[in-house]
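Asks: I am attaching a structure below and will ask some questions about it afterwards.
The values are calculated or read from the model by the stated rules, or taken from the named source; none is laboratory data. Since the model is a prediction, treat every value here as computed from it, not as a measurement. Glycine gets a Cβ as well: all are built from the backbone with ideal geometry, and neighbour counts include every protein chain shown.
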Amino acid sequence: MKPIVCISCEGSDTKVVVLSKTKEGVKLEKAFSVSNTHSESVAPRSNEESSGSFNIDDISDDLAFDDIGQIDEPEENIDTGDVAYIASALKDFELHKSEFIPILTEPVVNYHIYEGQKEKDRKKLLKAIIDDINRTRNITVREDYIDFIELEEGVFFAVFIQGENTCVNTVNSLAAYNNRRYYKIPTIKNAETSLAHYVAKTNKFFPEDYTLILYTGKDYSKLIFLKGNHLTHIGSTLDVGTQNLHTYDVYFSKILLEMENGNIPRLDNVILCGEDNSENLILSFYGTFPEANVNELVFKNIDTSDVEANIQDNLSSFAIPLTAGLEYFEEKTEKGYRGINILPRYIHENQKVLQFGWHSYVILPLIFAAAFYFTFTILSNSRTIDEKEKELKRLTKVWNENQAITEEIMKYSTRIAEFDKTQEILDSAMAGTEIWNKSLLKIADFMERRRNFWITKMESAGKDEVKVEGYTLSKPVLTEFAEYNKSTLLQSIKHDQLREKDAYAYVLQIKLNNEMVKKNGP
């Protein structure tokens, strides 16, 4: 658990204690007091002016209040010298990791007893108490400025903030002094109820016993009355303390007056705490209340080994901040117990990391929705892009493979085309060779049978045509050759003397379109 710094502002005196929770219990790390050099606290009211006297059976109707809780954030008016002293005393602690607990008393807070209808729901009961304060005292109290505890069945004791919260201002000034925007304030405690709870818890009183808790401060003193182990009456704050006390008789006159106001018939026990625990005070009580057991408040379950000897000897002078801190630890560790806890809304808002107004809360869901939408869209598009990139890589690989196959096919296609051309040429050449072979065989056969027919020249005369020149000794031979080879055309014939014989020079045109010869190929 985080260390807690409890600050109690008691008029011109400020008391500070630092407590920590250990496995063995509670340890007191530091304790000191500051006499305010320029205190702005309002002086406690006297018995005639104060409205702090309460009794379960009889409540005074002379109480007058101003409007409660109208200031959202009180202005700080703390002497910088006091803040510097507190900062110096706490320099060994990590204050940004600690929790600060202001402890309030009169006149910053005021009290109210509610004996109306009890509601099971705490919020409804709180509203009923606020309505009762408004109806009976004409005071408007905000829900964040009030809290209550149950004294006995059907009787509730309410505490609400009134006036400037000096302790909170001190904490905020300390944070500003240490260049911090704020220090964590989890709750605000009430001095009287915390002190009464600790005394009732650590002492075994008989149910019919009446006990007085006298807290003596430097400027004022407090009277708290218990019946058995329950708070029954809080007396008016006395404007007498160690700095202005001249005789103890003033205590007893005030005590007797508060006993009369609170219907307290006697005192069985007296618990002394605060600045004055002298033997003279104890003897004075024995003289006035001889049947009462007078004891000094003792803190048995606190480890004080790290504090100075003078602090250990006067531990009861820090009774209020100590009991408030112990009550806070008890609330955190023990279920079922709840003391006075007040935390105004402005303090809660100031401690937020992000400061939001009402319109920010309206827009906040839209911001989260937009962020979710854009995030979802971006992730979806990223997933789609990844899938497209994978598909693109796959198709690129397929295209490269197909390109390689296409190049191979083109090679084979080129080779096939070239083979077809070669085959066509070969077919053409083969067909021509056959034609020539057949034609020459026919001519040779004819010449062998006719010894008077010679060929002197053969040349191509065009496509599939051959021009043949030669001599013959008989004209009819030419006619016979033309009939023998029907594709032969006699172009010219003339007489030409060949030695002593008559001869004829001829020119034949032979068409090589022999139907008997077929071309190679399919």
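Asks: Looking for whichever is over 20 Å from the mean Cα position of the chain (by Cα) and loosely packed, with under 10 Cβ neighbours inside 10 Å here; the options are GLU334, GLU308. Which one fits?
Replies: Values: GLU308 fails: loosely packed, with under 10 Cβ neighbours inside 10 Å.
Result: GLU334 is the single residue among GLU334, GLU308 that is over 20 Å from the mean Cα position of the chain (by Cα) and loosely packed, with under 10 Cβ neighbours inside 10 Å.
Asks: Here's another thing I want to ask about it. Taking the options LEU257, LEU238, LEU212, name whichever one is touching a Pro at 6+ places or on another chain (Cβ under 8 Å), closer than 23 Å to ASN280 by Cα and hydrophobic (A, V, I, L, M, F, W, C).
Replies: Details: LEU257 fails: touching a Pro at 6+ places or on another chain (Cβ under 8 Å); LEU212 fails: touching a Pro at 6+ places or on another chain (Cβ under 8 Å).
Testing whether each residue is touching a Pro at 6+ places or on another chain (Cβ under 8 Å), closer than 23 Å to ASN280 by Cα and hydrophobic (A, V, I, L, M, F, W, C) leaves just LEU238.
Asks: How do the pairs read when you match residues in the range 213-240 that are of a type in the set (Asp, Glu) with residues anywhere that are assigned to a strand (DSSP E or B), using Cβ under 7 Å and keeping only pairs 6 or more apart or on different chains?
Replies: Filtered contacts from the range 213-240: ASP219/GLU10; ASP219/ASP13.
Asks: Condition test on THR323, is it of a type outside the set (Asp, Glu), closer than 30 Å to ILE185 by Cβ and either touching a helix residue (DSSP H, G or I) at 6+ places or on another chain (Cβ under 7 Å) or not assigned by TED's automatic domain parsing to the domain that holds ILE213 (or both)? It would help to see each step written out before you state the result.
Replies: Details: of a type outside the set (Asp, Glu): yes; closer than 30 Å to ILE185 by Cβ: yes; either touching a helix residue (DSSP H, G or I) at 6+ places or on another chain (Cβ under 7 Å) or not assigned by TED's automatic domain parsing to the domain that holds ILE213 (or both): yes.
When the stated conditions are applied, THR323 passes them.
Asks: Could you tell me whether the range 162-182 includes any residue that is surrounded by fewer than 14 Cβ atoms within 10 Å (Cβ to Cβ) and part of a helix (DSSP H, G or I)?
Replies: No, every residue in the range 162-182 fails to be surrounded by fewer than 14 Cβ atoms within 10 Å (Cβ to Cβ) and part of a helix (DSSP H, G or I).
Asks: Any chance the range 141-151 includes a residue that's in a loop (DSSP other than H, G, I, E, B) and surrounded by 14 or more Cβ atoms within 10 Å (Cβ to Cβ)?
Replies: yes
Asks: In the range 90-127, what residues are of a type in the set (Gly, Ala, Ser) and buried (at least 16 other Cβ atoms within 10 Å of the Cβ)?
Replies: The answer is SER98, and nothing else.
Per-residue answers, yes or no, for (1) modelled with pLDDT of 90 or more; (2) charged (D, E, K, R); (3) over 22 Å from TYR346 (Cβ atoms):
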| position | (1), (2), (3) |
| --- | --- |
| GLY81 | no, no, yes |
| ILE86 | yes, no, yes |
| LEU95 | yes, no, no |
| PHE100 | yes, no, no |
| ASP132 | yes, yes, yes |
| GLU152 | no, yes, yes |
| GLN162 | no, no, no |
| ASN169 | yes, no, no |
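Asks: Read through the list (1) modelled with pLDDT under 90; (2) touching a Lys or Arg at 6+ places or on another chain (Cβ under 9 Å); (3) over 23 Å from ARG181 (Cβ atoms), then give the number of the only condition that ASP72 fails.
Replies: Here ASP72 clears every test but (3).
Asks: Which residue is modelled with the lowest pLDDT, if the candidates are limited to the range 267-294 and must be part of a loop (DSSP other than H, G, I, E, B) and loosely packed, with under 15 Cβ neighbours inside 10 Å?
Replies: Residues of the range 267-294 part of a loop (DSSP other than H, G, I, E, B): 267-268, 275-278, 289-292.
Restricting the remaining residues to those that are loosely packed, with under 15 Cβ neighbours inside 10 Å gives 278, 290-291.
Working: SER278: 85, PRO290: 90, GLU291: 90.
Filtering first and then ranking leaves SER278.
Asks: Quick one: what pairs do we get from the range 79-98, first residue assigned by TED's automatic domain parsing to the domain that holds LYS15, second assigned to a helix (DSSP H, G or I) and hydroxyl-bearing (Ser, Thr, Tyr), C-beta under 6 Å, 6+ apart or different chains?
Replies: What qualifies is VAL83/SER173; VAL83/TYR177; ALA87/TYR177.
Asks: Now for a different question. If you go through the range 473-507 one residue at a time, how many are surrounded by 15 or more Cβ atoms within 10 Å (Cβ to Cβ), in a strand (DSSP E or B) and among the hydroxyl-bearing types (Ser, Thr, Tyr)?
Replies: So the count comes out to 3.
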